[in-house]
1. Using beta carbons and a limit of 6 Å, which pairs, at least six apart or on different chains, have the first residue in region A:42-53 and over 15 Å from A:Val72 (Cβ atoms) and free of Cβ contacts under 8 Å to residues at least 60 places away in the same chain and the second one within 7 Å of DNA strand D (Cβ to nearest atom) and not β-branched (Val, Ile, Thr)?
2. Report, by residue number, each residue of region A:99-125 that is part of a loop (DSSP other than H, G, I, E, B) and crowded, with 20+ Cβ neighbours inside 10 Å.
3. Please enumerate the residues belonging to region B:38-85 that are aromatic (Phe, Trp, Tyr) and within 17 Å of the chain's Cα centre (by Cα).
4. Go through A:Gly86, A:Gly34 for me and flag whichever is in contact with a strand residue (DSSP E or B) (Cβ under 7 Å, 6 or more places away or on another chain), over 27 Å from B:Gly112 (Cα atoms) and in contact (Cβ under 8 Å) with a residue 60 or more places away in the chain.
5. The conditions are (1) touching a residue at least 12 places away in the same chain (Cβ under 8 Å); (2) touching a strand residue (DSSP E or B) at 6+ places or on another chain (Cβ under 7 Å); (3) within 16 Å of DNA strand C (Cβ to nearest atom), and A:Arg74 fails exactly one of them. Which is it?
6. Would you say A:Val101 is among the aliphatic types (A, V, I, L, M) and within 16 Å of DNA strand D (Cβ to nearest atom)?
7. Where in region A:1-98 are the helices (runs of 4 or more DSSP H), entirely inside, with at least 2 residues that are facing chain B (nearest Cβ under 7 Å) and within 16 Å of DNA strand D (Cβ to nearest atom)?
8. Which of the residues belonging to region A:99-140 are touching a Ser or Thr at 6+ places or on another chain (Cβ under 9 Å), more than 9 Å from chain B (Cβ to nearest Cβ) and free of Cβ contacts under 8 Å to residues at least 12 places away in the same chain?
There are 2 protein chains.
Amino acid sequence: MRGRTVSTKAAARHNRVRKQHSDELAEDYVEAIGALLEERGQARVTDLQGVFGVSHVSVIRALKRIEERGLVARTETGGYELTDTGKAMAETSAERHELVVRFLLSLGVSSGQAEADAEGMEHHLSAESLEAMKAFLESR
Amino acid sequence: MRGRTVSTKAAARHNRVRKQHSDELAEDYVEAIGALLEERGQARVTDLQGVFGVSHVSVIRALKRIEERGLVARTETGGYELTDTGKAMAETSAERHELVVRFLLSLGVSSGQAEADAEGMEHHLSAESLEAMKAFLESR
DNA sequence: AGTCTGATGTAGCCCAGGCTACATTGAGCG
DNA sequence: CGCTCAATGTAGCCTGGGCTACATCAGACT
C-alpha cells in the first residue's frame, strides 16, 4: 500500500512544487485581470481586491511584483492592462482551467467542487498530464 | 472558451487555496517521517534535510511548528515520532498520494511525471474528486 | 585525555503575502 | 467654492519558509 521511497528525487519534486507556488499568484492575477477586462473593460486595484478578497494593499504589492515580471502594465487612466506576455499567460491559464474543470465534471464531480478543485490543482499539472486529460475527454 | 465569471466566490476559493498551502508542509513532513520510520526506523533532522533538500535550520523550524500542531513528538533518543493524529494524517496522505498516482498512470501519464504531478496536486483535491477518481479506477 | 566530526540548535537576515492605520488625490455635489 | 468619499498609495508590522554563520554537544578514534 505504501511503496513510496524516501529518495533524493523527493527534494527535486519538493523544490518544483515550491516554485509552482511562487508562480500561482501571478497566474491568478493575470487570469483575473483578463476576465475583468473582458467583462468590465477595466481592471483596477479595487476590482481585484473584490476578486481575491484581500486588502487593497496586498493587491498593490502583488501588482508591483507582477509588473516587474513584465506581465501587466499601468494604463494612462490608472488601471492595469496585460502585456503580450501577460495576455499569453492569461490565455493559457484560462484554457487550462477550463480543461481541468471539464475533466473533473466528466468524472462526475459536481460543478462547484470542480471549480474549487481546479483552482488549486491547475498550477501543478505538467503538459503531459494536461494532454492526457484532453485525450481522455476526446475519447469518450 | 472563457466563460469564467469574476464572482465573489472567487475570493472564497482563493482563500481556500491559501489555506491548503499552509497545510501542505505539515502533510509532506508527516508523510516523510512516516516513510522514514518504516524504512529506517528513525526520523531525525538530518534525514529530513536529505528528503526535502533544505537546510537543517528550515527542518528544525518546520518541525517546531508541526510539533505545536500536535502532529509529531520528540523521542527520548532525539528523533521524531508521529502522534496518533500525525499517524492518521500520514496514512491518509500516503493513500491519497497513491490514489492520485495510480489515477494519473491510468490516464497514460508516465511514471515519473505522475509522481511529480501528484506531489503538487494531492493537497488540492476534495473528498468528492478523490472519490470520483477512485470510482473511475474501479470502473475500468 | 584531547581532538575531530556529525547532529542539533540559535541568531539574525531575506522575500512573499497577509494586515491596519494613516496620507493623498480626484470627482462629484450641495 | 469647498466638502466628502472612494480609490490609491505609504509605513510598518506579522507569519511562514528559505538561508548563512556561529555555538553546542556527544561519540569515535587516536
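Laboratory data are not the source of any read-out in this text; all were calculated from the coordinates shown. Just so it is clear, the structure is predicted and the values come from calculations on it, not from any experiment. So basically every Cβ, Gly included, is an ideal-geometry build from the backbone, and we count neighbours across all protein chains shown.
1. If the second residue must be within 7 Å of DNA strand D (Cβ to nearest atom) and not β-branched (Val, Ile, Thr), the pairs left are A:Gln49/A:His56.
2. We begin by selecting, within region A:99-125, every residue part of a loop (DSSP other than H, G, I, E, B); these are A:107-110, A:125.
Matches in region A:99-125: A:Val109, A:Leu125.
3. As a first pass, look at region B:38-85 and keep what is aromatic (Phe, Trp, Tyr): B:52, B:80.
Residue satisfying the conditions is B:Phe52 alone.
4. Values: A:Gly86 fails: in contact (Cβ under 8 Å) with a residue 60 or more places away in the chain.
Residue meeting the stated conditions: A:Gly34.
5. Here A:Arg74 clears every test but (1).
6. Numbers: among the aliphatic types (A, V, I, L, M): yes; within 16 Å of DNA strand D (Cβ to nearest atom): no.
Spelling it out, it is not the case that A:Val101 is among the aliphatic types (A, V, I, L, M) and within 16 Å of DNA strand D (Cβ to nearest atom).
7. Values: elements: A:9-40, A:45-52, A:56-68.
Of the helices (runs of 4 or more DSSP H) lying wholly inside region A:1-98, those with at least 2 residues that are facing chain B (nearest Cβ under 7 Å) and within 16 Å of DNA strand D (Cβ to nearest atom) span A:9-40, A:45-52.
8. Within region A:99-140, just A:Leu105 meets the criteria.
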